[in-house]
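The structure appears below as structure tokens.
The values are calculated or read from the model by the stated rules, or taken from the named source; none is laboratory data. Given the structure is predicted, the values throughout are model-derived calculations rather than measurements. We place every Cβ from the backbone using ideal geometry, glycine too, and count neighbours over all the protein chains shown. Keep in mind that these areas ignore ligands, DNA and RNA; they rest on the heavy atoms of the full protein, side chains included. Shrake-Rupley method; radii C 1.70, N 1.55, O 1.52, S 1.80 Å.
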Amino acid sequence: MSETVKFTIDGKECIGKKGQYIVDAAAENGVYIPVLCHMKDVIPAGSCRVCTVKANGRNMAACTSPVEEGMSIENNTAELLDIRKAIVEMLFVEGNHFCPACEKSGNCDLQALGYKYQMMVPRFPYVFERRNIDATTPKIFLERNRCIFCKRCVRMIKDAEGRSIFAFKGRGETLEINIDHKLAANMTDEMAQLAMDICPVGAILRKEVGFNEAIGTRKYDKKVIGSDIENNHQ
Ligand code: FES
């Protein structure tokens with residue numbers, strides 16, 4: 001049996017398993033910590049930092065830091081909420097996100113966080129970076145303008161032999177998400193759908209299935225991101 005640890009989040013007493021990441025332990029205790037790059041049970045990348053919490057007085061990524069016995073975690077403080085909002089704003093200005101024309105609108109985690117944190121005009125200047133799209137594979141439309149470099153697709157979408165279908169190319173300003181055209185040629189509809197679903201933005205879209213789900217009826221059109229976790233434990 002795994003060892004349990006007791007900790008608090010904003011004063012609420014919580015119980016988790018030794019070695020469990022803060023973000024997952026928090027969710028099991030009904031506390032929502034936002035994530036963009038994290039996926040439960042997948043090795044964390046710790047790249048977006050939107051999950052930043054203060055644990056024992058230090059800012060940490062909740063998706064890469066395990067809970068410890070007696071840990072005191074701050075989550076919903078004005079300071080942390082502003083850090084998260086700033087990160088969301090930064091992601092919006094670094095890419096070219098045109099939500100009204102995006103197939104992921106209403107199903108997009110970044111957009112949903114923008115609403116949650118009541119983002120209006122970002123505090124940073126827009127970069128308006130030129131990014132190429134790749135529509136040359138049979139099932140996927142790769143819209144790099146919306147990529148936030150979370151690496152979810154690289155970590156999750158693999159062929160039967162375990163080879164990643166997506167990969168990063170370049171570094172710094174030239175970094176971009178790429179798709180292996182040879183491997184992508186054999187992607188099934190299910191793989192393409194999974195790739196689209198795990199992308200937290202609208203960078204990976206399936207071809208030929210646009211707007212099957214009406215705007216206004218999508219996941220975050222009906223509820224605030226994270227409310228599932230909070231409501232499950234009331
Ligand atoms: Fe923790 Fe992205 S969700 S760093």
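Key figures
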| quantity | calculated |
| --- | --- |
| Filter pass, Asp134 being within 13 Å of the ligand (Cβ to nearest atom), surrounded by 14 or more Cβ atoms within 10 Å (Cβ to Cβ) and either more than 17 Å from the chain's Cα centre (by Cα) or acidic (Asp, Glu) (or both) | no |
| Residue within the range 30-40 that is open to solvent by 40 Å² or more (accessible area, probe 1.4 Å), on the phi > 0 side of the Ramachandran plot and not hydrophobic (A, V, I, L, M, F, W, C) present | no |
| Subset of the range 168-198 [within 20 Å of Ile133 (Cβ to Cβ), among the basic types (Lys, Arg) and not in a strand (DSSP E or B)] | Lys182 |
| Members of the range 118-147 that are under 16 Å from Cys99 (Cβ atoms) and in contact with a helix residue (DSSP H, G or I) (Cβ under 7 Å, 6 or more places away or on another chain) | Met119, Pro122, Tyr126 |
| Unique match (being in a loop (DSSP other than H, G, I, E, B) and either without any contact (Cβ under 8 Å) to a residue 24 or more places away in the chain or more than 20 Å from the chain's Cα centre (by Cα) (or both)) among Val209, Val154, Val201, Val224 | Val209 |
| Residue selected from the range 4-29 under the condition out of contact with any Lys or Arg (no Cβ under 9 Å at 6 or more places or on another chain) and among the polar types (S, T, N, Q), by the criterion surrounded by the most Cβ atoms within 10 Å (Cβ to Cβ) | Gln20 |
| Some residue of the range 18-25 being assigned to a loop (DSSP other than H, G, I, E, B), over 22 Å from Asp197 (Cβ atoms) and within 16 Å of the ligand (Cβ to nearest atom) | yes |
| Residue ID - farthest from Gly170 (Cα to Cα), chosen from residues in the range 142-151 that are basic (Lys, Arg) and part of a helix (DSSP H, G or I) | Arg146 |
| Qualifying residue in the range 148-162 (condition: touching a Lys or Arg at 6+ places or on another chain (Cβ under 9 Å), modelled with pLDDT of 95 or more and on the phi < 0 side of the Ramachandran plot) | no |
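Okay, residues lined up against (1) closer than 20 Å to Asn232 by Cα; (2) among the charged types (D, E, K, R):
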residue: Lys17; (1), (2): yes, yes
residue: Ile22; (1), (2): yes, no
residue: Lys40; (1), (2): yes, yes
residue: Ala45; (1), (2): no, no
residue: Cys48; (1), (2): no, no
